[in-house]
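Everything below concerns the one structure shown next.
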Amino acid sequence: MKKLIICLLLIILLGAGAVFTGLANPLIEWQVKSALTQSGIGEKRAGCMAERMVDRLTVPQLWKLRQGMAPQAGEPEEGYGLGELVKRLRRVDDGEAVAVLTTSAGLCAIGIG
């Protein structure tokens, strides 16, 4: 039992170290790109946005953004308009994360991201 706890702690420390040092950034960027693509953003633009977002936001901010933008009960999964988008962005409750998301979307859309 003691060995199991030590192994679990070691795995947690290695994972935290990988995230803290940036070794996990390719995996995190892939996850962000995948989430953006699933939400209807094109592959190229999603890649551009994911790169900018991973560079500028922390993992907890990315998680908060993903949870806030996810549809809740009674909300459409896709094909929603500007009003629904604004409602979901307000739910995120992290100004920096919303700013990075919107500027990344804008810059990547015009090709200077």
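Under 23 Å of direct C-alpha separation, and excluding same-chain neighbours fewer than eight residues apart, LYS64 reaches these lysines: LYS33, LYS87.
Rounded to the nearest whole angstrom, the semi-axes of the ellipsoid equivalent to the range 51-113, taken from the Cα gyration tensor as √(5λ), stand at 21, 15, 9, largest first.
Round to the nearest 0.05 the FRET efficiency obtained for ASN25 and ILE110 when R0 = 30 Å and r is the Cβ-Cβ distance. For ASN25 and ILE110, the calculated efficiency is 0.75. For LYS3, no lysines have a Cα falling under 17 Å of its own Cα, not counting residues fewer than eight places away in the same chain. Other residues with beta-carbon under 14 Å from the beta-carbon of GLU77 carry, at +1 per Lys or Arg and -1 per Asp or Glu, a net charge of -2.
Read-outs throughout are calculated quantities, based only on the coordinates presented, and are distinct from any laboratory measurement. Because the structure is predicted, anything quoted here is derived from the model rather than measured. Here Cβ is always computed from backbone atoms with ideal geometry, including for glycine, and neighbour counts include all displayed protein chains.
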